[in-house]
Every structure is written in structure tokens, then in C-alpha cells.
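Novice: Here's a structure for you.
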Amino acid sequence: MTSHSPEGPNHDDPLAVPTYLIGAVGTVILVATVILVQTLVYDAREEVQAEQNARDFLEIAGVRALQTEQLEAYRWTYPDLDLVGIPVELGVEQVLKVYGKGSGK
């Protein structure tokens, strides 16, 4: 039969110093792990956001180039009706020739 008393050879209570030391080291490791994980997550988010911004910029640049081409180029708008699109500046000039510059007509 084994004895569970503090005086006996098989007592279950651990020593205080190793317990505190293990707790302190475990706390330091836990805090360092949390900081490392937060840093890695932040860096990953920044990288993903930078890639998204680059894709958005390229998409916007493509749309802008298409719009500029539509505003400044001649094109068939309705080939069946023989209607063409002309550059905006030329269209403005033609409208001003017909209706006058502020003539009040």
C-alpha cells in the first residue's frame, strides 16, 4: 500500500519553483506565439491587399483606355443604319456650328 502523506516517499505535490518556472516560460512562449501569428496575418493581409489594388488598377486603366478610345476615335455605331461615331471634340464643333456659340437660338 502506498502512502499519500507529505511525509511519505510518494507525495503528489510538485515543488513550487519548477512550477512557477514552467508557468513563466509557458507564458512567454504563448505571448511570443500570439505576436508572431498576428504579425504573419497582418503581413499576409497587406500582401493580398496590394495584389488586389494592382488588379483593380489594371482593370480601371483598361476601362479608361476603352472609354478614351470610344471618345476620340471614329467607329461604326450602327452599321446597318450607316451611322458612325465621331470623336467628341469634332461633334461639339459641329453642334456649335449648327446652333451657334451662345446665340440664344
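Coordinate-derived values only; no laboratory data. Since this is a predicted model, take the numbers as computed values, not measurements. Ideal geometry is used to build each Cβ from the backbone, glycine not excepted, and the neighbour counts take in all protein chains shown.
Novice: Once amide H atoms are placed 1.01 Å from N in the peptide plane, what residues at a sequence separation of 5 or more from GLY85, or on another chain, have their amide H within under 5 Å of its amide H?
Specialist: ARG75, TRP76, THR77
Novice: Out of the GluC sites (Glu not before Pro) in the range 8-105, which ones are loop residues according to DSSP with at most 12 other C-beta atoms within 10 Å?
Specialist: Listed in order of number, the matching sites amount to none.
Novice: Using the Karplus curve 6.51 cos²θ - 1.76 cosθ + 1.60 with θ = phi - 60°, work out ³J(HN,Hα) for each residue of the range 71-80 in order, rounded to whole Hz, and write x for Gly and Pro.
Specialist: 7, 10, 10, 7, 7, 7, 8, 9, x, 5
Novice: Further, regarding this structure: Enumerate the calculated ³J(HN,Hα) couplings along the range 53-70 in order (Karplus 6.51 cos²θ - 1.76 cosθ + 1.60, θ = phi - 60°), each rounded to whole Hz, writing x wherever the residue is Gly or Pro.
Specialist: Result, rounded to whole Hz: 4, 5, 5, 4, 4, 5, 5, 5, 5, x, 5, 5, 5, 5, 5, 4, 4, 5.
Novice: Moving on to the next point. Applying 1/(1 + (r/R0)^6) with R0 = 35 Å to the Cβ-Cβ distance of VAL95 and VAL63, what FRET efficiency is obtained, to the nearest 0.05?
Specialist: 0.85
Novice: Okay, next question. Please identify every one of the chymotrypsin sites (Phe, Trp or Tyr not before Pro) in the range 21-98 that sits in a loop by DSSP and has no more than 12 other beta carbons within 10 Å of its own beta carbon.
Specialist: TYR74
Novice: Along the range 17-23, what does the Karplus equation 6.51 cos²θ - 1.76 cosθ + 1.60 (θ = phi - 60°) give for ³J(HN,Hα), rounded to whole Hz, x for Gly and Pro?
Specialist: Along the range 17-23, the couplings run 4, x, 5, 5, 4, 5, x Hz.
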